[in-house]
Each structure stands twice: as structure tokens, then as C-alpha cells.
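Asks: Submitted below is the structure of interest, expressed as C-alpha cells.
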Amino acid sequence: MRRTPERRGVAILAMRTNRRDFTWFAARSLIVDRSAVRVGERAPGMTSASITSDDVLVVRPSSLGDVVYALCVVSDIRRHRPRAAIDWVAERGFVPLVELCPDVRRIVPFALRSWRKAPFAPRTWNEIAAFRTSLRATRYGAILDLQEQVKGALIARMARGTRHGFDRASIREPLATLGDDVHHRVSRDLHFVERTRRLAGAALGYAPQGPPRWPLRVPQASKPLPDRPYVVALHATSRDDKLWPEADWRRVLEASHRAGFASVLPWGSASEHARSERLAQGIEGASVPAWLSLHDVAALLARASLAIGVDTGFTHLAAALGTPTIAIFNVTDPARHGVACAGAHASDLGRRGAAPSADDVLAAAGAHLRSAPRC
């Protein structure tokens, strides 16, 4: 059986990226796309006039919170290059998130998670071929690789155009720099939002200005919302070490009821549903909805009086939507991942190794509700 580029690409994409994959990646990545120019540093004279096409491809397929934050580059690009057409590569599960941004012309779905489960199945080969065909349908003036991982570099190499990414000193996985043509140094000490804005600006020849903006348009909710002002409690996270004590959550929910607010506890998995039920049990006004789609969660958050959540994607989404938001940190660094970058309506509490108390959260909640009441 003849091994086509798409089938060879499956083997690359299906692998878990680590140091042992270096030889495989270096030897095989050119098979995916031979159109790359020589890898090198950014040309000193590169400006927006140097780019011959108005089409821009953004490669940031995952995860939810990072895709939310990366979407702020759309506003910058639209402001500085109003004629640009922006396409986006997103994991299938996050396509509904990117759909909230009307300034994205086309979304190219990416299904690495399912491809890894059956890397040599004919269906996977066919899907890889269709993905590559869709990706290569346009020649881009600039490809912005914001993923910082080898999988992002591989996607960028499949596309046609000049690929821009972080340099070895700036990127999460240095091996990924092999997939980009032009490298940009952006300090890793900056918040992820600022890093993405600076890379996009360097690639397209402009300097980002002002606070970040998210041009998101939330659809009408397909599920009923509370008939009075409500607080959304985002307790769920993919990492157990990010969880906040259930006793603290119950104190916050009880205080919300006493203040006249309903509480909504969305969930995504069976274990999260069970936790929502435990937290809401016996607290008047606290409700556990049926499973919500990403669009329905966005509608729920956009209309909330306040969102309180751990360091998880939906907490970042609430802040990007302009909802008063409190993010609870105890493992990750809020200076790099916090919601305060979105504006005065968003606050970060806690730090790495020190979670905030329930009293801290209630004090911040009171301040937000007094300064930004919603009807």
C-alpha cells in the first residue's frame, strides 16, 4: 500500500509529543508540506506592506481557555488590517466557541483527539486528507502559530503561507520552532493574552494598543435561564489540584441566596454533575441545570450578574464576555493566566500555593455587585 503524505502525517499527529519524538518529527515533517521557506529570524524590515495577501490563518486549536484568550487578536487584526480575512483552526469541541466571533471568516475543524484513538484506520486517513485539503484551500499572507506545541507547528506546516511562531526562548515546546518560518521573541513572563497580541502584531506589522477586546456575539439561550438575577458557580476543572473546597463553595452559594441571587452550577461530566448536586443540596435558589452546550453556557454567562470560578476555560470566557468575574487560583499563576487582563470587571484571587478563603471571595463578590449591578 502506497503511503501518501496524509497517511504519513497521521503517524506524526497521533503521537504524544516528547523528546523521543524529535527524530521522527525532524525526518517526517517536511513530508506534510514542502512549501516552507528557510527557518530563520524575523526580517528586520518586515511591515504590513511586506505581506502580499490579506488572508490570515490562526492556529490555536485548544484548550478552551487559551482559545478564548487568543480570540482577542481578532480585534487587533481587524483594527490594524481591516481588509484581512481571518480563518481559524480549532479542535472540533471548540468550534462552537470560535463561532461566537463573527469576524472569523472560516473555521477549519481539527480532530486530533479522535485521530489518536485510531491512527491507522482508513476513516482517520480520510479525515486527515480532508483536513489538509481544507487547510490548503487558501494561500495565507500570514499563519499565526499560537499553540506553542508541536501539534500547532504541524498544522502550520500543512497550510500554505509564511508561518510565524514564538522563538526557542519564548515557546512552551522548543521542538515546535522547526515548523515555523519566522520566529518572534516574546517574554514568557507576560500574560498569555499579551503574548498572543504581540506575536500577531510582530507578524502583521503593527503594535497592539489599548486593552484587549473580544468581539464575541452570544446567541439566545436554548435552555431556560433563572427568572431573577443569578450567580454562576464554575467549580469544574480538568485538574483536581485546581479545585476549591466544597465547604467554601457552599458558603458562597448560601451568601448569594441571602443577597437575593439565584445560583446556577453548570457541569460537563458525571463527576462534575455529582459535585454540582452536592454543592446545591439544601440551598434555596441554587439549581443544577441539564447538560449545556458551549453556546448555552456562553448565553448563561453573558446574562449572569456574577461568575465565580476556578482557573478553567469557562471562567476565562465569562471575563471575555464582560461579565463581572472572580477567578480562584491555587496552582497556576494569575499573572500569566488570570482574568484581570480583561478589565476592571474581572478579578483574580489567590496565587500559586495559596487559595483564597471564602471570605476573600465574598468580599470581592460584594465589590463587583455594588459597582456593576445587572438587572
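Asks: For a protection proxy built on the mean count of beta-carbon atoms within 10 angstrom, sort 346-356, 66-76 highest first, please.
Replies: 66-76, 346-356
Asks: Mind running the shape call on segment 87-239? Use the C-alpha gyration tensor, a ≥ b ≥ c as the square roots of the eigenvalues: rounded below 1.5 for a/c, prolate if a/b tops b/c, oblate otherwise.
Replies: oblate
Asks: As a test question: what accessible area, to the nearest 10 Å², does residue 242 have when a 1.4 Å probe is rolled over all protein chains in place?
Replies: Residue 242 has an accessible surface of roughly 30 Å² with all protein chains in place.
Asks: Could you tell me what percent of the accessible area of the chain is made up of carbon and sulfur, with a 1.4 Å probe and every protein chain present?
Replies: Summing carbon and sulfur atoms, their accessible area is 51 percent of the total for the chain.
Asks: Right, another one. What residues qualify as long-range amide H neighbours of residue 101, i.e. H under 5 Å apart, gap of 5 or more or another chain, H built at 1.01 Å from N?
Replies: It is 217, by chain and number.
Asks: Sticking with this structure for a sec: Taking θ as phi - 60°, what are the ³J(HN,Hα) couplings along segment 159-173 by the Karplus curve (6.51, -1.76, 1.60), each to the nearest whole Hz, with x for Gly and Pro?
Replies: Going residue by residue, I get 7, 9, x, 7, 9, 10, x, 6, 7, 4, 7, 10, 8, 5, 10 Hz, with x marking Gly and Pro.
Asks: Rounded if a/c is under 1.5, else prolate if a/b is larger than b/c, else oblate: which is segment 213-268, with a ≥ b ≥ c the root eigenvalues of its Cα gyration tensor?
Replies: In terms of gyration-tensor shape, oblate.
Asks: Taking a ≥ b ≥ c as the square roots of the eigenvalues of the Cα gyration tensor of segment 335-375, is the shape rounded (a/c under 1.5), prolate (a/b larger than b/c) or oblate?
Replies: Since a/c reaches 1.5 but b/c is at least a/b, the shape of segment 335-375 is classed as oblate.
Asks: Let me ask you something else. If I ignore ligands, DNA and RNA and count only protein heavy atoms, how much of residue 269 is accessible to a 1.4 Å probe, in Å² to the nearest 10?
Replies: Number for this one is 40 Å².
Asks: Would you mind getting the accessible area per residue of segment 83-163, heavy atoms of the protein chains only, 1.4 Å probe, in Å²?
Replies: Value returned for segment 83-163: 37 Å² of accessible area per residue.
Asks: Figure the gain on full extension for residue 189 and residue 274 (residue separation times 0.36 nm, minus the Cα-Cα span) and round it to one decimal in nm.
Replies: Stretched out fully, the residue 189 to residue 274 stretch lengthens by 26.9 nm.
Asks: For the chain, treating each Cα as an identical point scatterer without solvent, what Debye log10 I(q)/I(0) comes out at q = 0.10, 0.11, 0.12, 0.15 1/Å?
Replies: -0.67, -0.79, -0.92, -1.28
Asks: Can you list the lysines whose alpha carbon is less than 27 Å from that of residue 242, not counting same-chain residues fewer than 8 positions off?
Replies: 151
Asks: Something else now. Would you check the accessible area of residue 148, probe 1.4 Å, heavy atoms only, in square angstrom rounded to 10?
Replies: Rounded to the nearest 10, the figure is 20 Å².
Asks: Something else now. Please arrange 275, 60 by accessible surface area, largest first, computed with a 1.4 Å probe and ligands excluded.
Replies: I get 275, 60, largest accessible area first.
Asks: So what's the back-of-envelope 222 nm ellipticity for the chain, counting only DSSP H runs of four-plus at -39500 (n - 2.57) apiece and dividing by all residues, rounded to 500?
Replies: -11000 deg cm²/dmol
The values are calculated or read from the model by the stated rules, or taken from the named source; none is laboratory data. For clarity, every value in this text was computed on a predicted model and none was experimentally measured. Every residue, glycine among them, receives a Cβ derived from its backbone with ideal geometry; neighbour counts consider all protein chains shown. Remember, those area values only see protein heavy atoms, side chains included, never the ligands or the DNA or RNA. Shrake-Rupley method; radii C 1.70, N 1.55, O 1.52, S 1.80 Å.
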